[in-house]
Structure formats: structure tokens, C-alpha cells
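What follows is a set of notes on a single structure, which appears directly below.
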Amino acid sequence: MKPIIESEARLSVWEATSIIIGHSIGGGIMAVPFLAARNSFVSVVLIILAAFFCNVLLHFMIAELSYNCGGLQMVKCFETFLFRGRGKTALTWASFALFGFSVIINISGYIIGAAEAIVALVPMPLWLAETIFFALAGGVVLFGLKAVGIFEKYTVLLIYGIVALLAVAVAFVPWAPLPAVTQSANAALALFGMGMFALAANQSVIQAVKGLGGEAKKIRLSIVLGIGLDAVLVLALTTATLLGSQGQVTELALLGLSRGVGSWAVWIGSLFTALALVTTFWSSTLNLRDIVHEQLHLGNKLCWLLAALPSFLIAVLGLGTFLSFTRIVSAISVIGGLLLIITYGISRRQANESPICGRWGSAPFQWLIIAASVLAAVGSLISID
């Protein structure tokens, strides 16, 4: 029997796909070329394809877990399928606090990162850029799921346009040779970890489940298209950077690329960064609003305020940096990912059907995703020097 999935609005497949793309486009895509330069180009393509395959399976499982729970967020899925006994209520509130904190910290990092990009485009005090960004970007989320879907749809097209412009510019400058040798196993593992991160859109998949009314075929299509188009974007930007950076690929991809195609690429890079972070901000803030709504049973607008305001205050008061926030969140993400796969396995057995994953959600593939997640976590920590 198909579960009842309630949603504040319906999304088209392209709007759901755009939310998935928009959430995954972030800091990870800018760091891939730096790690790619330490691997042969053939290895780069194969590693990104492996990250694509693993992410598709992972997101199928996340979608089906939420589907089995009526389109609810992860905290309620844990409460329904994982937590048992006298400690169930306490564990639910603990996971609510932990994951809520994780998303708040994440959103704070997006506000800071986007504000820094805005300041690079238009010089102004950082706090003012943070305030402007929060007011404009947060206002979109205030209007709900449909507004986020529409804004994501057009912003994603603009992001792809920027990458296409850079690719055309690279065609008119001398090319550096593509790397032919992988420097070490650590270099390959680090690239896989960053590839998994760059293609991940865990939170946005649940929005697709709700917005598409639980229609399994459309959900699968939006996930494959979203992660697939993001993988194309990662490979396009990486290839352009490797060819056009004159052999000097930097940690921030477009900084090195500007040496080959011109200083205007730095300005374009700041615009790209701001757009990439605003799309992730929209999806993450909407996700946190829903987590608060499901746990506290308050109105959506009040839940939006409770979700968004702490992140803004942390950012504008200067309580951390973009890098420090992302490091905090990474540890919580590993814990959450393992709990998610365990919970999915329980829900799959109880549902006795698998409309989204099918055989791809069976135990061997669950273990594959756990192994891939562990490898990605190790890859994000090891030294490549």
C-alpha cells in the first residue's frame, strides 16, 4: 500500500531535479580540480563516475526511506524505524538537536561564503553583505517549496551558463597537457572523497519525494538527472581548469584558471560561488524548516524563522569561518550517514516492497554504500603531500 505523502506544493520533474543540482553545487566542485591535477585524467573520469554511481544508490535509499515514512525528514524516520524502548523519545530529541545544529552550522557557512563572494564583487562590509544575502535568499524560502523550486530552476541554468562561458574561453588559450599519472593511492582516495561530497544532495532528495507526490518513477528520474548533470558540471569545470590553468591548478579552481584566461575569471568565479552557495542555502534552510515543523508542530513561517535566524546570527556575529563550520559538519554527516543506511534496511524489511530502489537497495548494495562512505571520509582526512 502506497503511503500518504503530504506536501505544501507540487514540483515538476525539472524543478525537483534543479533542487537536487542546486543543493549539490557548492564548495566541493571548486576543490575537485586541485585534487584532479594529482591523478591521471582517465582516473579522474573513472573516480567521478564511481562517485556518481554510489551517490545515485545512496540517494535512492534516502528517497525510499522518506517515502516509507510518508515523506518525512530523517529525524522522524529514525523515530519511526530505528529508535525503540524507553529511550525512544530522548533519542528522537537528541537526534533533532544534533541534526538541527548540523544544518544550522552548515547554513551559517553558506551565508559567510556567499557574503565573501559578494564582497569580492562589490566592496562593502562583510556584515552588510551577509545581511543582504540573508534577506534576499531567506525571503525565497519564506514562500515555501514551490518558490524554492522555481528559483533553483533558473539559477542552475545560470550556473551552467557560467561554466559554458569559461569552457569557451579556455578554447582560445594555450592548453596545458592533461595529467597522465596518478601520483599516489592517497591522491586517488582524496579525489573520491571530494567527488562524493561534490555530488551529494542528501537533504534535497526528501523535498523531491514530497514535491513529486511520492511518484517513484519521477523520483528516480529526478535523482539520476540531478546527480548526473552535477557530475557533468564537475567534469566540465575540472577539464577546463586542467587545460586552462597553465599547469598551475590552485585550491580554488578559478583562481588558477584566471592566470590562463584572464583576471575576469576571478570575478566570474565570485559570481559562480555566490550562486552555488545560494542554491545550497535555499535547499538546506527549507530542509531545516521542515525538521523543526515536524518536531515542534508549529506553522511553516515560524519554523522558517526558528531555522534561519540562528544561522544568520552565528554568521553576522563572526563566531566562525566557512572552513571551520564545514569541518564540524563533516563528522556529524558521517554518523548520520551510517544511521541512515541502518534505518533504511529496517524500513525496507518492514515495507516488504521497494518501489524506488528495487534490487539496488538490497543488502549487498547497502554494504557498498557504507564502504564508499567510509572511504570518502578517510579520503577527506588523509594527506596528499
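Per the Cauchy relation, a quarter of the hull surface: what is the mean projected area of the convex hull of the alpha carbons in the stretch 42-106, in nm²?
Mean projected area of the Cα convex hull: 5.8 nm².
What does the charge count near residue 353 come to, summing +1 for each Lys or Arg and -1 for each Asp or Glu among other residues with Cβ under 14 Å from its Cβ?
+3
Hey, what angle do you get for helix 88-121 against the long axis of the chain, alpha-carbon based, 0 to 90 degrees rounded to 10?
So the helix axis and the longest Cα principal axis differ by about 30 degrees.
Could you work out how much longer the chain between residue 122 and residue 339 gets when fully extended? Use 0.36 nm per residue separation minus the Cα distance between them, nm to one decimal.
That pair, residue 122 and residue 339, stretches by 73.8 nm at full extension.
Compute the signed sum of charges (Lys and Arg +1, Asp and Glu -1) over the other residues within less than 14 Å, Cβ to Cβ, of residue 307.
0
Show me 79-89, 152-162, 210-220, 57-67 ranked by packing, highest mean number of other Cβ atoms within 10 Å first.
Highest-to-lowest ranking by the protection proxy: 57-67, 210-220, 152-162, 79-89.
In square nanometres, what is one fourth of the surface area of the convex hull spanned by the alpha carbons of the stretch 147-270?
9.1 nm²
Between helix 264-296 and the chain, what is the angle of the helix's C-alpha long axis to the longest principal axis, kept within 0 to 90° and rounded to the nearest 10?
Value to nearest ten degrees: 10.
Report the gain in length on full extension from residue 221 to residue 264: 0.36 nm times residue separation, minus Cα-Cα distance, nm rounded to one decimal.
In short, 11.8 nm is gained.
Could you work out the relative contact order of the chain, using alpha carbon pairs under 8 angstrom and six or more residues apart, expressed as a whole percent?
That works out to 38 percent.
Taking Cα pairs under 8 Å and at least six residues apart, what relative contact order does the stretch 1-117 come out at, in percent?
Relative contact order comes out at 25 percent.
Do you know the Lys pair count in the chain for C-alpha distances under 27 Å, with sequence separation 8 or more or different chains?
23
Please compute one quarter of the surface area of the Cα convex hull for the stretch 93-148 and express it in square nanometres.
4.6 nm²
Note the per residue figure in Å³ for the convex hull of the C-alpha positions in the stretch 58-174.
Taking the convex hull of the Cα positions in the stretch 58-174, it is 172 Å³ per residue.
Report the net charge of residues surrounding residue 93, where surrounding means a beta-carbon distance below 14 angstrom and charges are Lys +1, Arg +1, Asp -1, Glu -1.
+1
Could you tell me the ratio Rg/Rh of the chain? Both radii from Cα atoms, Rh via Kirkwood.
Rounded to two decimals, Rg over Rh is 0.96.
Only the coordinates and a few stated rules stand behind these numbers; no lab work does. Computed from a predicted structure; not experimentally measured. When we count neighbours, we look across all protein chains shown, and the Cβ atoms used for this are built from the backbone with ideal geometry, even at glycine.
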